[in-house]
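The values are calculated or read from the model by the stated rules, or taken from the named source; none is laboratory data. Computed from a prediction, not measured in an experiment: that's the story for all the values here. Cβ coordinates were reconstructed from backbone atoms using ideal geometry, including for glycine residues, and neighbour counts include every protein chain displayed. Areas reflect the complete protein model, heavy atoms only, side chains present, ligands, DNA and RNA absent. Shrake-Rupley method; radii C 1.70, N 1.55, O 1.52, S 1.80 Å.
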Amino acid sequence: MGDELDFFPALGAVGWIEHAFTTRATSAVPGRHADDESVLGGLPMRGRHWRFGEQVHGGAVAVVGVGSPRVTPGVDALCTDEAGVVLGVSVADCCAVFVVDRARRAIGLAHSGRRGTERNVLGELFAAMGGAFGSDPRDMVVQLGPCIRPPHYEVDFAATIRRQAEALGVAECHDCGVCTASRLDRYYSYRLEKGDTGRMVAALAILEGHG
């Protein structure tokens, strides 16, 4: 897909995962939820075991696998150590936060907007991965995707997410630094488009044979 998808060098360097972040050219159309298979055609992981959270702007986390429901109610973050499971988050100003545990070969993906960041959904995700997989924050790679930022939004929740990661002991935290509201040519922005917009999809998966 070339320039129609975003990829992040820090995640690409891991070697045993695949990831992508859609743009307006490859993403969900207005009125269609991003967990609808028809809006995932631009992603290389189509046809796998996709798993989404309901995304209620909270801090709850689900450990998911092949046997989990496609959408887990009441959660904003997901994690797994199973190959073939694709974690998905839909955003249109909130931040998709990718988490990779290099040592335990486990992954997590969080939907963290203003309210989710206030509830420290990233910290809850780390706690869940620690409990389920024995993950240690010192082994984590964290990547922030495009999200709304000042001056288009009064709260810099991306900066708060970075501070949360640092406080958790993460040694490798990366932020793409892109503001969705500044790039309406490429991304959707719920705030600037007054809710009449689509969604980008963040996807993260362990490659088959590496789980």
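One table, with the values for the structure above:
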{"item": "Average accessible surface area per residue within region 83-211, 1.4 Å rolling probe, Å²", "result": "39"}
{"item": "Share of carbon and sulfur in the accessible heavy-atom surface of the chain [1.4 Å probe, %]", "result": "47"}
{"item": "R0 of 35 Å, Cβ-Cβ distance E166-S68: FRET efficiency to nearest 0.05", "result": "0.70"}
{"item": "K194/H174 FRET efficiency (R0 30 Å; Cβ-Cβ; nearest 0.05)", "result": "0.45"}
{"item": "Convex hull projection area averaged over all views, the chain, Cα basis, nm²", "result": "10.2"}
{"item": "Relative contact order (%) - criterion: Cα under 8 Å, at least six apart; region: the chain", "result": "27"}
{"item": "Under 17 Å from the A127 label point (7 Å along Cα→beta-carbon), backbone N, region 85-105", "result": "none"}
{"item": "Spacing of the two label points (7 Å from each Cα toward its C-beta) at L207 and R186, in nm", "result": "2.5"}
{"item": "Partnerless Cys - the chain, beta-carbon criterion under 4.7 Å", "result": "C79, C94, C173, C176, C179"}
{"item": "Antiparallel content of DSSP bridges confined to region 40-189, in %, to 5", "result": "55"}
